[in-house]
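Undergrad: This is the structure I have questions about; it appears just below.
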Amino acid sequence: MTLTEGSRPGRGVVAADHVSLRRNNLSVVLRHVRENGSRSRARIAADTGLNKATVSSLVAELVERGLLREGQAESERGALGRPGQLVELDGRSVCGVGAEINVDYLAVTALDLSGETVTERRVPLDVAHLDPGTTLDHLAELIREAVAAVGARGGQTAGVTLAVPGLVQSTTGSLKLAPNLGWKEVPVVEEMRARLGDPAYKVRVDNEANLAALAAYSEMKGDDGKVEDLVLLTGAVGVGGGMVTGGHLLRGGHGFSGEVGHMPVAPVGGTCGCGRTGCWETVVGLTALLNKATDADDPVRDPSLDVEQRLAEITRRAEAGGARTLRALADVGTWLGIGGAILVNILNPDVLVLGGYFAVLGPWLKEPLESAIRERVIAPDGGGCRVVQSELGFAAAVRGGAQISLDQVFLDPTLVGRDAAGVAQ
Ligand SMILES: [Zn+2]
């Protein structure tokens, strides 16, 4: 084949290659410092195989972008016979924001690069009875407040990730279907970008269970026992599953995996938000628990009250030995075990993480769940699966969203402007 004029690499291609090579090298240096802690330039060069002059120039740019900063002088003499200056991750100036829409609340969290919480808020909202536009207006207001809080401490927002309880097409930024919200085909990213005034930072959307699983995974990465396979169950009105296998999120062929709340496990169950009967969430979701544990006029059913307040009241009743509450919790725990055993038989996770309301009421749900896993999982000792309560509770999805926004910065440090440095002193 003869190379035609049009396909010959021209100056533009060379320039583009140079830019992407530089971007890649910036990412290599930034990730190296994140994973290994503070380092001298000489040590970074030796470890990464980049030459020292290149590393100096890359570090200078990362400092300008507010991602690295000068640390202390190296205590021991380096290879060149004099102590070098260490560079370290600058956690303060760059933040990621996670923002969640759920059936009865909205939540927002901003995390900085070192994982510290800059701001967080959750507000009760009866989303199921509002139109998508009104809900997105409210959420945009919360995001603007979080971005302003980041700005007030001199930081820069690198990205916003929206968490939604439904089927998401993350490539197009569209929510296909969220039965419990009553939303269908909503271009959430486009709608949110318009409300935020077409911001410079990137806006993404993902399924809330996926984001919660990522947050749980990174929380456990620091633990001694290495966890590479986990299933996280989000317990709210709907129930979702986020699955990490071999250290990677399992998304499925079209990104629609994890809809565990719609496993048809309870043929006698009630009607689900999806219109079918007998879905798992009709017997283990928050509405199922409240229907079993309380009367119709009980204030704990009031979606205008914060969900944690309502759960604190359920906890109080359980601790006081309230028979109806304890019966309801035991029943939900048993059903949780029936579906949980199916997931453990299929996926053999190291850990089954209870998120959302399951985490709050874990002390009553865990025993029947574990006993169902022991009974119904064919592998010996439940396949070695441990059941743990997430310490992140309802904050898991927003934290995962903020982390994903920050992960993008580690992959492409040029997402952060050069004016981020020096403002967060
Ligand atoms: Zn369903």
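Bear in mind these aren't lab numbers, they're just calculated from the coordinates by the rules spelled out. All values derive from a computational prediction rather than experimental measurement. Reconstructed Cβ throughout: ideal geometry from the backbone, glycine too, with neighbour counts over all protein chains shown.
Undergrad: Please work out how much length the chain gains when fully extended from residue 28 to residue 248, using 0.36 nm per residue of separation minus the C-alpha to C-alpha distance, in nm with one decimal.
TA: Once the chain is fully extended between residue 28 and residue 248, it gains 77.2 nm.
Undergrad: Further question on the same structure: Amide H of residue 39 versus every other amide H placed in the peptide plane: which residues, excluding those fewer than 5 positions away on the same chain, fall under 5 Å?
TA: 87
Undergrad: Quick one: putting +1 on the C-beta of Lys and Arg, -1 on the C-beta of Asp and Glu, what dipole do you get for the chain around its Cα centre, in Debye to the nearest 20?
TA: 1100 debye
Undergrad: Right, here's the next one. Positive end of the dipole of segment 224-392, charges at C-beta (+1 Lys, Arg; -1 Asp, Glu), about the Cα centre: which of 253, 268, 291 has its Cα farthest in that direction?
TA: The residue sitting farthest along the positive end of the dipole is 268.
Undergrad: Still on this structure: Using the Cβ atoms and a cut-off under 11 Å, what net charge is assigned to the surroundings of residue 98, where Lys and Arg are +1 and Asp and Glu are -1?
TA: -2
Undergrad: Percent relative contact order of segment 224-392, based on C-alpha pairs within less than 8 angstrom and at least six residues apart?
TA: 23 percent
Undergrad: Same structure, new question: I'd like the Karplus ³J(HN,Hα) series for segment 101-114: coefficients 6.51, -1.76, 1.60, θ = phi - 60°, whole numbers in Hz, and an x wherever there's a Gly or Pro.
TA: Rounded to whole hertz, the list is 10, 10, 4, 10, 7, 10, 9, 9, 9, 10, 10, 8, 4, 8.
Undergrad: Another one. If you take all C-alpha pairs in segment 224-392, what percent of them are over 28 Å apart?
TA: Summing the P(r) tail past 28 Å for segment 224-392 gives 20 percent.
Undergrad: So what does log10 I(q)/I(0) come out to for the chain at q = 0.09, 0.10 Å⁻¹, using the Debye formula with one equal point on every Cα and no solvent?
TA: Log10 of I(q)/I(0), two decimals: -0.63, -0.75.
Undergrad: In addition: Quick one: 3J(HN,Hα) in Hz for segment 140-154, Karplus 6.51/-1.76/1.60 with θ = phi - 60°, rounded, Gly and Pro as x.
TA: Running phi through 6.51 cos²θ - 1.76 cosθ + 1.60 with θ = phi - 60° gives 4, 4, 5, 5, 4, 4, 5, 5, 5, 5, 5, x, 5, 9, x Hz.
Undergrad: If you project the alpha carbons of segment 248-308 onto the principal axes, what extent comes out on each, in Å, largest first?
TA: Result, largest extent first: 44, 29, 17 Å.
Undergrad: Give me the distance in nm between label points sitting 7 Å out from Cα along the Cα-to-Cβ direction at residue 177 and residue 308, one decimal.
TA: Placing both labels 7 Å beyond Cα along the Cβ direction yields 3.4 nm.
Undergrad: Listed highest first by mean packing, meaning other Cβ atoms within 10 Å per residue, what order do 281-293, 170-182, 113-125 come in?
TA: Result, highest mean Cβ count within 10 Å first: 281-293, 170-182, 113-125.
Undergrad: Something else about it: How large is ³J(HN,Hα) for each residue in segment 208-214, as worked out from phi by the Karplus curve 6.51 cos²θ - 1.76 cosθ + 1.60 (θ = phi - 60°), to whole Hz, x for Gly and Pro?
TA: 5, 5, 4, 5, 5, 5, 5
Undergrad: Based on C-alpha coordinates, I'd like the Rg and Dmax of segment 23-115, in Å.
TA: 16.7, 62
Undergrad: Follow-up. How high is the relative contact order of the chain, in percent, with contacts defined as C-alpha pairs under 8 Å that are six or more residues apart?
TA: Averaging sequence separation for qualifying contacts and normalising by length gives 18 percent for the chain.
Undergrad: Can you tell me the orientation of helix 396-411 relative to the chain, as the angle in degrees between its alpha-carbon axis and the longest Cα principal axis, to the nearest 10?
TA: Around 20 degrees separate the two axes.
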